[in-house]
Every structure is written in structure tokens, then in C-alpha cells.
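Before any comments, here is the structure.
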Amino acid sequence: MNIMKVDGKDIRPIWLHENRRTVQVIDQRWLPHEFVVADVHDVDDTITIIQEMYVRGAPLIGATGAWGVYLAVLNAPEGRAENVYLDAECVRLKTARPTAVNLEWGVDRVLQAVIAEADISQRPATAAAEAEAVTEEEAENCRLIGVHGLPLIEKISRRKKGKTVNILTHCNAGWLACIEWGTATAPMYAAFDAGVDIHVWVDETRPLNQGSRLTAWELGKYGIDHTVIVDNAGGHLMQHGQVDLVITGTDRSTYTGDVANKIGTYLKALAARDNNIPFYVALPSSTFDWTLRDGVHEIPIEDRNPDEIRFIQGLTGKEVSEVLVPPADSPAGNPAFDVTPARLVTGFITERGVCGASEIEILGLFPEKKSV
């Protein structure tokens, strides 16, 4: 069931074409000024759309990896040991981007289902069914994140006697990143639907402006009151009582509560702590890394192309184009993520409920992971 709409039409960021040989995605590089759909035919295409950020956001990357395995099955050459071929293709898929743990999770889940299918002729159907299951489960998990996050916003609304609840978010953790609803945005959509008066401060989120391009576009399409701000405005707004709550997503979180998210999240958490503002992280359980304890030292941080810093994209006249900002010979560095330590996180909003950012509370919600 599609909940999100664009100009009245049901839409998701990824789907299987009716020919069942092509996966289609919204090419998010062009939003909000152009709406482009890209065709994905094989593993090489899947790696390209992940690395070049046609698709981004942990849950969507996981679903994309899952569908990539389906395409690998469809394109498996005859006469080769299929399991060996699929293993190699899945290694390529899992290394397309390093930070989001969902990619490995989605790929491995479909691969295991395929390997367990002894009838080679049934493997495409098995892969498609499992990839679809991954996609639907992530959508449902995000809906439940909204259900569990709504009371946090309602509590603030009651305290403010119905006055506007101001929420700050960083990057894009909406339905574009998560199939449906989003992670950080799911409680916002739930609050809006429940009639709670909310306003969202949207960080532009340099260097690729996922906030000003994508989050603002999503919220606007849904009718949610929002304001785009520069990344460094958050602390000022918090100091002056204009932020009631911060909610972000995450690309990988340790089971001890450390959070890797888009670069700049750590600074928002510091500002929130200094101003006694709750800082929540919304995520499905697929985004927890159940093997890592120390996020600062163990989560791999992706270094991306410095040109993402040097050039900025926007609408010039009627065309989307890039312009060079710094001197042409100035070097640039582009770490894509930072890690917010658990001590700065008020809590996690998951599909199973809200918990504190500690090993005890996280494993209390997911006791089956204690032996991992």
C-alpha cells in the first residue's frame, strides 16, 4: 500500500517494473527541480545508483541492495557455478558504500533465501519475493516509528497548550530515503495527521543539500509547515527557544547507542545538549549494527568526492546546473558522516518502541540480539 503521493499519484522511491526484469528508482539527484526515473538492469547499474546517490538513505539502500541480488539472479550466466557467481556479485554490492549497514543486511537476506532454494528455475521468483518482503517490512517499520514517535510530539504539544511544536531535523530521513513515511519524518507525518500543530526546521545539509532539496520537497508535498535554514543556524534557534525537539535518522548505530549520520549531526546533538533539548534518533532495527560497540572508532566513515564540496547544484533559469564556489585550485575534504556518542542521544525511536541510547535499553527492545 502506497501512502506517500506526489501531485496526487502514489509513489515510492523504488519499484519493480511490470516487465519484471527492470527495477526503477527515483533519481534523487535531480529533485526538487526535475522528477527523473532511472532504469536499473543489473548489478553494475545497482552499484552505480548507490555510489552516485540516485538512491540514498539507509533503509532505501538496503532495499536497493536486495533488488540488486534479484537482478544478479536474473543475469546469472549459464554454465557457471551459480552460487559462486552470486556470492561474488553480492560482495560487489555490499561494498558499494561503506557506512550504511542496511546494504549488507538487505543483500545477505535475499542471498540466503536464494541459496536455500534448490530449484534453480525458482530462484528468480524467490529473490523477487524476498526483495519485496524487505521493501514492505521497511515501509511498515517506518510507519511504526511514526506510531511510537507521535506521543513524544503530543506530550510537547500538551505542555505548550496546543501551540506550535518546533522540530529540527538534519539531512533527509523521509520517505525518499526509506520507502514510506521515513524515519525521522515518520513522527512528523503522524503528528500532522493527528492534528498536532507542528513546524519543522529543515537543515539545508551541505554539501549535497538533502535537507533543502529533499526534506523540504517532501514536507511541502504533504502540506507540513517548514522552514529551510543553513546548517549552522540550529544552535542559535535552540538558544532562543525556537526548537522543542530534534529528530534525525541514522545510517548505522551501534547496539551501545552511538549514531553515525550525515555530517553535522554531532554538532546538532552538542547544541541540543547545551540547551536541554531532547535529541532523538529514529531508525528501524535493520540500521543497528549488532557487532560494534564503539561507533567513533569502529564505524567506517565514507570520504566522498571533493567536488561535492567545490560545486553546488541548483536551478538557473529553467535548467539544473552546477556552479563552482571556492577557488578552482583550492583542495576540499568531504567526510560524509560523523558519529554522535550515545551520551548525547536522548533516545531511539524504533518499530518496537522508544528506548534510551544504552546497550541495556536497546537490547531490552531487541532481546533476540543479545547473543549476536
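The values are calculated or read from the model by the stated rules, or taken from the named source; none is laboratory data. It should be emphasised that the depicted structure is a prediction, and the values quoted were computed from it without experimental measurement. Note that each Cβ is placed from the backbone with ideal geometry, even for glycine, and that neighbours are counted across all protein chains shown.
How many of the residues in the stretch 348-363 are surrounded by fewer than 20 Cβ atoms within 10 Å (Cβ to Cβ) and more than 16 Å from residue 293 (Cα to Cα)? Outline the logic, then answer.
Pass one, the stretch 348-363, residues surrounded by fewer than 20 Cβ atoms within 10 Å (Cβ to Cβ): 352-356, 358-361, 363.
Add one more test, that the residue is more than 16 Å from residue 293 (Cα to Cα), and what stays is 352-355.
Residues in the stretch 348-363 being surrounded by fewer than 20 Cβ atoms within 10 Å (Cβ to Cβ) and more than 16 Å from residue 293 (Cα to Cα): 4 in total.
Looking only at the stretch 277-305, residues that are in contact with a helix residue (DSSP H, G or I) (Cβ under 7 Å, 6 or more places away or on another chain) and in a helix (DSSP H, G or I) come to 2 in all.
Considering only residues in the stretch 187-199 that are of a type outside the set (A, V, I, L, M) and in contact (Cβ under 8 Å) with a residue 24 or more places away in the chain, the one that is surrounded by the fewest Cβ atoms within 10 Å (Cβ to Cβ) turns out to be 197.
Here's the yes/no breakdown for (1) surrounded by fewer than 19 Cβ atoms within 10 Å (Cβ to Cβ); (2) more than 21 Å from residue 199 (Cβ to Cβ); (3) not assigned by TED's automatic domain parsing to the domain that holds residue 160:
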residue: 226; (1), (2), (3): no, no, no
residue: 242; (1), (2), (3): yes, no, no
residue: 245; (1), (2), (3): no, no, no
residue: 248; (1), (2), (3): no, no, no
residue: 253; (1), (2), (3): no, yes, no
residue: 263; (1), (2), (3): no, yes, no
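Restrict the check to the stretch 306-325 and report whether at least one residue is in a strand (DSSP E or B), touching a helix residue (DSSP H, G or I) at 6+ places or on another chain (Cβ under 7 Å) and over 27 Å from residue 217 (Cα atoms).
Filtering the stretch 306-325 down to residues in a strand (DSSP E or B) leaves 311-316, 319-324.
Remaining after also requiring touching a helix residue (DSSP H, G or I) at 6+ places or on another chain (Cβ under 7 Å): 324.
Then keep just the ones that are over 27 Å from residue 217 (Cα atoms); that gives none.
Within the stretch 306-325, not a single residue is in a strand (DSSP E or B), touching a helix residue (DSSP H, G or I) at 6+ places or on another chain (Cβ under 7 Å) and over 27 Å from residue 217 (Cα atoms).
Every condition in (1) of a type in the set (Asp, Glu); (2) without any contact (Cβ under 8 Å) to a residue 24 or more places away in the chain; (3) touching a helix residue (DSSP H, G or I) at 6+ places or on another chain (Cβ under 9 Å) is met by residue 368 except one, and the failing one is (3). Among the residues of the stretch 29-44, is any in the same structural domain as residue 113 (by TED's automatic domain parsing) and part of a helix (DSSP H, G or I)? Within the stretch 29-44, one or more residues are in the same structural domain as residue 113 (by TED's automatic domain parsing) and part of a helix (DSSP H, G or I). Only one of the numbered conditions (1) touching a Phe, Trp or Tyr at 6+ places or on another chain (Cβ under 9 Å); (2) surrounded by fewer than 15 Cβ atoms within 10 Å (Cβ to Cβ); (3) in contact (Cβ under 8 Å) with a residue 40 or more places away in the chain is violated by residue 315, and that is (1). The combined condition, being part of a helix (DSSP H, G or I) and either modelled with pLDDT of 95 or more or not assigned by TED's automatic domain parsing to the domain that holds residue 251 (or both), is fulfilled by residue 360.
Residues of the stretch 61-105 that are surrounded by fewer than 23 Cβ atoms within 10 Å (Cβ to Cβ), out of contact with any Lys or Arg (no Cβ under 7 Å at 6 or more places or on another chain) and of a type in the set (Val, Ile, Thr): 84, 91, 95.
So for the stretch 5-28 (the condition being touching an Asp or Glu at 6+ places or on another chain (Cβ under 7 Å) and over 28 Å from residue 250 (Cα atoms)), does at least one residue qualify? So far as the stretch 5-28 goes, yes, one or more of its residues are touching an Asp or Glu at 6+ places or on another chain (Cβ under 7 Å) and over 28 Å from residue 250 (Cα atoms).
Residue by residue, here is whether (1) under 29 Å from residue 235 (Cβ atoms); (2) in contact with a strand residue (DSSP E or B) (Cβ under 9 Å, 6 or more places away or on another chain); (3) charged (D, E, K, R) holds:
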position: 294; (1), (2), (3): yes, yes, yes
position: 301; (1), (2), (3): yes, yes, no
position: 304; (1), (2), (3): yes, yes, yes
position: 317; (1), (2), (3): no, no, no
position: 321; (1), (2), (3): no, yes, no
position: 326; (1), (2), (3): yes, no, no
position: 332; (1), (2), (3): yes, no, no
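Only a single criterion out of (1) without any contact (Cβ under 8 Å) to a residue 40 or more places away in the chain; (2) in contact with a Phe, Trp or Tyr (Cβ under 8 Å, 6 or more places away or on another chain); (3) polar (S, T, N, Q) is not satisfied by residue 330, namely (2).
Rundown of residues vs (1) under 20 Å from residue 252 (Cβ atoms); (2) of a type in the set (A, V, I, L, M, F, W, C), yes/no style:
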| residue | (1), (2) |
| --- | --- |
| 72 | no, yes |
| 75 | no, no |
| 84 | no, yes |
| 97 | yes, no |
| 104 | yes, no |
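Scanning the stretch 35-48 for residues that are in contact with a strand residue (DSSP E or B) (Cβ under 6 Å, 6 or more places away or on another chain) and touching a residue at least 24 places away in the same chain (Cβ under 8 Å) yields 40, 46.
Of the residues making up the stretch 265-280, those that are touching a strand residue (DSSP E or B) at 6+ places or on another chain (Cβ under 7 Å) and either buried (at least 19 other Cβ atoms within 10 Å of the Cβ) or closer than 26 Å to residue 103 by Cβ (or both) number 8.
Out of the helices (runs of 4 or more DSSP H) lying entirely within the stretch 69-186, which hold 1 or more residues that are among the hydrophobic types (A, V, I, L, M, F, W, C) and in contact (Cβ under 8 Å) with a residue 60 or more places away in the chain? Walk me through how you get there before you give the answer.
Details: elements: 82-94, 102-115, 123-159, 175-178.
In the stretch 69-186, 102-115, 123-159, 175-178 are the helices (runs of 4 or more DSSP H) which contain 1 or more residues that are among the hydrophobic types (A, V, I, L, M, F, W, C) and in contact (Cβ under 8 Å) with a residue 60 or more places away in the chain.
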